[in-house]
Amino acid sequence: MSSSSQFRYTQTPSKVVHLRNLPWECVEEELIDLCKRFGKIVNTKTNVGANRNQAFVEFAEVNQAISMVSYYASSSEPAQIRGKTVYIQYSNRHEIVNNQSPGEVPGNVLLVTFEGVESHHVSIDVIHLVFSAYGFVHKIATFEKAAGFQALVQFTDVDTALAARTALDGRSIPKYLLPEHVGSCNLRMSYSAHTDLNIKFQSHRSRDYTDPYLPVNQTAMDGSMQPALGADGKRVETQSNVLLALIENMQYAVTVDVLHTVFSAYGTVQKIAIFEKNGSTQALIQYSDIPTATIAKEALEGHCIYDGGYCI
């Protein structure tokens, strides 16, 4: 399709760009990903029109909007979201007026920005610990965007998410949960248009606390793709309140109840998930804090659940 059918050059430039032919229920994060390279985005309006396939994006400066429209007018590669060609033009409006911006419309998923830190400074277990204080956290997905290190945190319902946001927005993560060299980590929150996150496996970047059978990526317990090294050059294991247990020499069945009995001797067990991986039985055991998990690990490492060397 020629560029002349996608852009109307007779339009008066505006800070607000109008996008058409968007995928169904296109969310704010997808719009920002497409537009952020051209300048600072100050507002968005999604799911516009009868088919909910249009949106508006407002830039801080009109030259930034001109840059985007001009780029796609002359580019041989069309603007795309989820493989769909997106048609772009200037809007007749010069600002977006929302009764509530998309990030202010209450939902059960919070978009959290961690200010003053890098992604490896705040583990997903710390995020879970902080937000679980306000209700059951279903899923967490972390990522890095232009705004910095961010996470989507999914609660059961809007009320729980609202309670967490009210309590934590603008607050800081307790210092004792952060590395010693990190000054502070401030939390900035808005609501996401997502209602149910699609988590494909447990890892150091994503967790689904509702599905004990979800495949586990080994980096789930590492906290980083690049493990830290100690002074002796050996890997320093990242501490966590979640233990990954591998059970060997399985002569008897090991159930959730059996594991709960064993691990509860060292503190309150919050959650247990059992799964099979690479032909072996493994389990995730979650305590309320790292010290309790450390005590349990030191006490049970290499020990047998049953006499005779069974279920090590």
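Out of the residues in the stretch 276-309 meeting the condition of being hydroxyl-bearing (Ser, Thr, Tyr) and more than 25 Å from the chain's Cα centre (by Cα), tell me which one is modelled with the lowest pLDDT. Checked the stretch 276-309; the qualifying residue modelled with the lowest pLDDT is Ser280.
Note on the stretch 72-89: residues that are within 18 Å of Thr46 (Cβ to Cβ) and surrounded by 17 or more Cβ atoms within 10 Å (Cβ to Cβ) amount to 6. Just to be sure I understand, how many residues within the stretch 221-267 are assigned to a loop (DSSP other than H, G, I, E, B), out of contact with any strand residue (DSSP E or B) (no Cβ under 7 Å at 6 or more places or on another chain) and at pLDDT 80 or above? Residues that pass the stated criteria total 1.
I'm trying to understand the selection: among the residues of the stretch 266-304, which are open to solvent by 70 Å² or more (accessible area, probe 1.4 Å) and either touching a Leu at 6+ places or on another chain (Cβ under 9 Å) or touching a residue at least 12 places away in the same chain (Cβ under 8 Å) (or both)? Result: Tyr266, Thr268, Gln270, Ile295, Lys297.
If we scan the stretch 149-158, do we find a residue that is touching a residue at least 24 places away in the same chain (Cβ under 8 Å) and over 20 Å from Ser206 (Cβ atoms)? The answer is yes, given that some residue of the stretch 149-158 is touching a residue at least 24 places away in the same chain (Cβ under 8 Å) and over 20 Å from Ser206 (Cβ atoms).
Going through (1) part of a strand (DSSP E or B); (2) open to solvent by 70 Å² or more (accessible area, probe 1.4 Å) one by one, Leu110 falls short only on (2).
For the stretch 50-67, the tally of residues that are under 28 Å from the mean Cα position of the chain (by Cα) and crowded, with 18+ Cβ neighbours inside 10 Å stands at 7. Asn92 meets all of the listed conditions (1) out of contact with any helix residue (DSSP H, G or I) (no Cβ under 8 Å at 6 or more places or on another chain); (2) surrounded by 16 or more Cβ atoms within 10 Å (Cβ to Cβ) but one, namely (2). Scanning the stretch 17-49 for residues that are in a loop (DSSP other than H, G, I, E, B) and either free of Cβ contacts under 8 Å to residues at least 24 places away in the same chain or over 26 Å from the mean Cα position of the chain (by Cα) (or both) yields Asn21, Gly49.
Among the conditions (1) in contact with a helix residue (DSSP H, G or I) (Cβ under 8 Å, 6 or more places away or on another chain); (2) part of a helix (DSSP H, G or I); (3) open to solvent by 30 Å² or more (accessible area, probe 1.4 Å), Val130 misses just one, which is (3). Within the stretch 137-157, the only residue that satisfies the criterion of being β-branched (Val, Ile, Thr) and open to solvent by 60 Å² or more (accessible area, probe 1.4 Å) is Thr156.
Scanning the stretch 33-42 for residues that are open to solvent by 30 Å² or more (accessible area, probe 1.4 Å) and within 19 Å of Arg93 (Cα to Cα) turns up Lys40, Ile41, Val42. Take the conditions (1) more than 12 Å from the chain's Cα centre (by Cα); (2) aliphatic (A, V, I, L, M); (3) farther than 30 Å from Thr12 by Cα; Ile124 misses just one of them, which is (1).
The values are calculated or read from the model by the stated rules, or taken from the named source; none is laboratory data. As the structure is a prediction and not an experimental result, all values here were calculated from the model. We place every Cβ from the backbone using ideal geometry, glycine too, and count neighbours over all the protein chains shown. When the accessible area is computed, the model is the full protein with side chains, heavy atoms only, and any ligands, DNA or RNA have been set aside. Shrake-Rupley method; radii C 1.70, N 1.55, O 1.52, S 1.80 Å.
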